[in-house]
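Peer 1: Please read through the structure below; I'll follow up with questions.
The values are calculated or read from the model by the stated rules, or taken from the named source; none is laboratory data. A quick note: this is a predicted structure, and the numbers were derived from the prediction, not measured. Quick reminder, even Gly has a Cβ in these numbers, built from the backbone with ideal geometry, and neighbours come from all protein chains shown. The protein model used for the area step is the full one, side chains on, heavy atoms only, and it has no ligands, DNA or RNA in it. Shrake-Rupley method; radii C 1.70, N 1.55, O 1.52, S 1.80 Å.
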Protein chains: 4
Amino acid sequence: MDQVIQKLRQFRDDRDWQQFHNPKDLAAALSIEASELLEVFLWKTPEEADVDRVKEELADVLAYALLLSDSYGFDIQEIILDKIRKNEQKYPVGKAKGSAKKYTEL
Amino acid sequence: MDQVIQKLRQFRDDRDWQQFHNPKDLAAALSIEASELLEVFLWKTPEEADVDRVKEELADVLAYALLLSDSYGFDIQEIILDKIRKNEQKYPVGKAKGSAKKYTEL
Amino acid sequence: MDQVIQKLRQFRDDRDWQQFHNPKDLAAALSIEASELLEVFLWKTPEEADVDRVKEELADVLAYALLLSDSYGFDIQEIILDKIRKNEQKYPVGKAKGSAKKYTEL
Amino acid sequence: MDQVIQKLRQFRDDRDWQQFHNPKDLAAALSIEASELLEVFLWKTPEEADVDRVKEELADVLAYALLLSDSYGFDIQEIILDKIRKNEQKYPVGKAKGSAKKYTEL
């Protein structure tokens, strides 16, 4: 993954784009790309969505997520594992099993 | 990263949640988490955002991105590197350097 | 406003689109259009955003908001006034004045 | 509708919030509220969504849409009618009837 992050940094720096990449705009960009990903499914059943477009839009989401993470110096594996541990508290198996409810409603 | 994906699958399966995780709802969940991440910056300068909340919300975004990717059997490093190659065509350095314009406006 | 809603219904029905317009997809469409509106501001100061594009994207947001509201038979003036009353409880002037905090943090 | 906009302005000014309400943050807030609305439908069929929550979240979306519109001095009926006229060009009945495709794919 380090090599991918390195490539993303270089793509950005070759274009002199770091000047635009403050964390607030990176978070906005990530949210916009996540909506473009959702748009691939709009008015469709899950199966009807075009897989190549899903692949490309998901790559854009991941790219901004990695750039935002990198701007804070986070280790993405570590922050995901930390969050899984927190979610195990919020969603104990006994209460959450088979339920789509939010933890605030369990 | 494989170990992280394995943990995410197990967290999901312990709670019997795969029944809810069709790709369309996963894409919606990803978009909703990306908005929660953006909310950490709302009404604030980029520097004022709470770093611990950024960390947690970004982890949620990454978790859904990995689960969606996994549901299609994508390799995330591969799809990001493919997209960087496409973006090099869309945003040639000569035209894009120092510009925040979308490729459709370059 | 009734005349505008009538025009939106007719535009939809002339194209036989009601079959796609279930409330879940309308809510997704609304969220996608709201992201397109946000994209007009991306990497920019608020003043740099193109006013004509803001106008068009905001119109799309409003169109889906009205169609979703109409599908439930809501009166938009009534639901907004109801929500203002609730927000007056959540954000009492004494506590909220001059603060950008969410009610859960006040 | 003018009376509703008047109430929204007063709610904002009683709390001294205009200082936070630049158009970029208003667009971000609108997008965040649209995601909260979408969340009411997450992991559910359209019919399973809680109508009272839809009502409240849609009211929040509309409130920010009206405040953003008001900050530019737009007339919302006029901008929607203008956009319907543009969409009639983008989606001619002959091509668009019964199709969920985007105008770029028609």
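Peer 1: I need the full set of residues from segment A:89-99 which are at the interface with chain B (Cβ under 7 Å from one of its Cβ atoms) and either in contact with a strand residue (DSSP E or B) (Cβ under 7 Å, 6 or more places away or on another chain) or in a helix (DSSP H, G or I) (or both), in order please. Step through it out loud before you land on a result.
Peer 2: If we filter segment A:89-99 for residues that are at the interface with chain B (Cβ under 7 Å from one of its Cβ atoms), which is where we start, we get A:91, A:93, A:96-98.
If the condition is that a residue be at the interface with chain B (Cβ under 7 Å from one of its Cβ atoms) and either in contact with a strand residue (DSSP E or B) (Cβ under 7 Å, 6 or more places away or on another chain) or in a helix (DSSP H, G or I) (or both), then A:93, A:96 are the ones that fit.
Peer 1: Hey, could you check segment C:41-66 for residues that are away from chain A (no Cβ under 13 Å) and either assigned to a loop (DSSP other than H, G, I, E, B) or open to solvent by 30 Å² or more (accessible area, probe 1.4 Å) (or both) and say which is nearest to residue B:43 (Cα to Cα)? If you could, list the steps in order and put the result at the bottom.
Peer 2: Restricting attention to segment C:41-66, the residues satisfying the condition of being away from chain A (no Cβ under 13 Å) are C:47, C:50-56, C:58-59, C:62-63, C:65-66.
Okay, now just the ones that are also either assigned to a loop (DSSP other than H, G, I, E, B) or open to solvent by 30 Å² or more (accessible area, probe 1.4 Å) (or both), so C:47, C:50-53, C:55-56.
Working: C:47: 16, C:50: 21, C:51: 21, C:52: 24, C:53: 22, C:55: 22, C:56: 24 Å.
Per the criteria, the residue is C:47.
Peer 1: Please go through (1) touching a Ser or Thr at 6+ places or on another chain (Cβ under 6 Å); (2) over 30 Å from residue A:26 (Cβ atoms); (3) of a type in the set (Ser, Thr, Tyr) for residue C:69 and return the number of the only condition it doesn't satisfy.
Peer 2: Every condition holds for residue C:69 apart from (1).
Peer 1: Would you confirm whether or not segment B:21-40 contains a residue that is open to solvent by 10 Å² or more (accessible area, probe 1.4 Å) and away from chain D (no Cβ under 12 Å)?
Peer 2: yes
Peer 1: Sticking with this one: So which residues in segment D:1-20 are more than 14 Å from chain B (Cβ to nearest Cβ) and touching a residue at least 12 places away in the same chain (Cβ under 8 Å)?
Peer 2: Result: D:1, D:4, D:5, D:8, D:9.
Peer 1: Ok, one more. Go through (1) closer than 20 Å to residue B:67 by Cα; (2) touching a residue at least 24 places away in the same chain (Cβ under 8 Å) and name the single condition residue A:72 misses.
Peer 2: (1)
Peer 1: Another question about this same structure. Yes or no: segment D:36-46 includes at least one residue that is hydrophobic (A, V, I, L, M, F, W, C) and closer than 24 Å to residue C:94 by Cα.
Peer 2: Within segment D:36-46, not a single residue is hydrophobic (A, V, I, L, M, F, W, C) and closer than 24 Å to residue C:94 by Cα.
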